[in-house]
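Quick notes on the structure that follows.
No value in this document is a laboratory result; all are computed from the given coordinates. As the structure is a computational prediction, the values presented were derived from the model and not from experiment. Here the Cβ positions follow ideal geometry from the backbone for every residue, glycine too, while neighbour counts run over all protein chains shown.
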Amino acid sequence: MRRSPIELDGGELRVAGTSLHLDARRRAECAFVSHAHGDHLGRHDRAIATPATLALMRHRLGAPKRRRTEALPAQYRTPFGLGELTLELFPAGHVLGSAQLRVVRGGVALGYTGDLCLEPTHAAERAEVVPCDVLVTESTFGHPRYAFPPKEEILAGVRRFVEDALSDGDTPVLLGYALGKAQEIEKWLCDAGFKVRAHPAVHAINRIYVEHGVDLTPVRLLGAEGVERDEVVVAPPHLAWSQALRGVRSRRTAVLTGWALDGARRFRGVDAAFPLSDHADFPSLVRYAKATGASRVFTIHGFEEELAGALRREGLRAEPLRETRQLELL
Ligand SMILES: [Zn+2]
């Protein structure tokens with residue numbers, strides 16, 4: 001009998017019996033960091049991540065006060081050893097540099113999705129299926145009510161919103177998370193021929209995208225001079241009413257998030273909401289888990305029960321990963 005290859009240690013994911021943590025928030029001796037969103041970051045002694053994620057981490061965490069993190073950059077599809085483990089990173093399609101991890105030990109492959117988006121995006125590497133025996137999958141939108149419309153349809157709606165606002169003399173303001181969503185929509189806007197201004201919080205991250213090969217150079221910084229008549233503003237939702245946007249008069253605002261499927265009620269003070277997501281929806285999560293070939297699946301971060309239940313109905317052995325499961329036998 002074998003132990004589960006994954007366990008929760010005080011709320012943090014860890015490869016069982018090792019010091020390798022996955023997306024730990026507290027300082028860990030050694031951690032794999034799937035991507036640079038705040039809920040996946042910590043100041044670790046050693047951090048394994050893609051070069052883009054390491055650059056974004058430095059930007060987001062700032063200079064360390066005391067001990068430095070030893071950065072261990074890892075490229076996609078390049079296996080390497082860590083003690084008795086063999087690690088390999090694969091694109092996760094969520095934000096620039098986002099990675100899934102495969103850990104092989106004793107012939108058993110553990111797959112960890114981190115945050116996952118299976119739709120091709122405009123500013124992140126395209127996700128791949130990671131074949132594995134045991135899968136740990138995110139479940140942010142792991143409820144059947146989250147089935148996103150085709151991306152072209154969503155973007156056609158955004159285009160209509162932007163064009164209508166511009167033709168009425170208003171400034172369209174598109175709200176998306178500063179890392180990932182903002183660059184996705186900026187890239188699409190630039191490619192579609194729109195002129196784009198970015199909130200300073202977004203613009204600072206754009207620079208790192210540009211350094212890693214995503215051309216966002218036409219995007220201008222939103223400064224005190226405000227906007228020109230034909231420009232589109234991209235800003236993070238929590239900074240929609242910040243100082244930087246004070247100069248944007250007669251604005252028309254739309255938020256871009258998968259949660260838009262919950263209805264406009266959820267968002268106060270915006271004119272529209274579009275379900276543009278950087279996560280996989282429910283049908284994609286189910287399809288993905290099956291495609292990995294995993295004989296056992298653990299769900300985390302979101303609708304764990306609902307997704308695990310759906311996977312069991314598909315014939316997979318699936319359950320939410322819980323603290324009490326750490327001594328469970330495979
Ligand atoms: Zn994320």
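Summary table
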read-out: Residue order, fewest to most beta carbons within 10 Å, for Phe32, Phe267; value: Phe267, Phe32
read-out: Helix 304-313 axis, angle to the chain major axis (alpha carbon atoms, nearest 10°); value: 60
read-out: Number of Lys pairs (Cα under 23 Å; 8 or more positions apart or on different chains) in the chain; value: 6
read-out: Rounded to 10°, Cα long-axis angle of helix 51-61 versus longest principal axis of the chain; value: 70
read-out: Residues Tyr146, Tyr76, Tyr209, sorted so that the one with the fewest Cβ neighbours within 10 Å comes first; value: Tyr76, Tyr146, Tyr209
read-out: The chain: antiparallel DSSP beta bridges as a percent of all, rounded to 5; value: 35
read-out: DSSP-assigned coil residues among GluC sites (Glu not before Pro) in region 225-311, each with at most 16 further Cβ atoms within 10 Å; value: Glu225, Glu228
read-out: On Cα atoms only, tilt of 181-191 relative to the major axis of the chain in degrees; value: 50
read-out: Estimated [θ] at 222 nm from DSSP helical runs (n ≥ 4, -39500 (n - 2.57)) normalised by residues in the chain, nearest 500; value: -7000 deg cm²/dmol
read-out: Of all DSSP beta bridges in region 96-166, antiparallel share, percent nearest 5; value: 60
read-out: Calculated SAXS-style log₁₀ I(q)/I(0) at q = 0.09 Å⁻¹ - region 1-122, Debye, Cα scatterers; value: -0.23
read-out: Selected from Pro283, Pro236, Pro218 as most flexible by GNM, with the chain as the system and alpha-carbon contacts under 10 Å; value: Pro218
read-out: Sparse-neighbourhood loop sites, GluC sites (Glu not before Pro) in region 70-105 - DSSP loop, at most 13 other Cβ within 10 angstrom; value: Glu84
read-out: Qualifying GluC sites (Glu not before Pro) for region 101-142 [loop in DSSP, other Cβ within 10 Å: at most 15]; value: Glu128
read-out: Furthest towards positive pole of dipole, Pro144, Leu175, Gly62, structure part the chain, Cβ charges; value: Gly62
read-out: FRET efficiency for Lys151 and Glu225, using Cβ-Cβ distance with R0 set to 51 Å, rounded to 0.05; value: 0.90
read-out: Residues Trp259, Trp241 arranged by fewest to most Cβ contacts within 10 Å; value: Trp241, Trp259
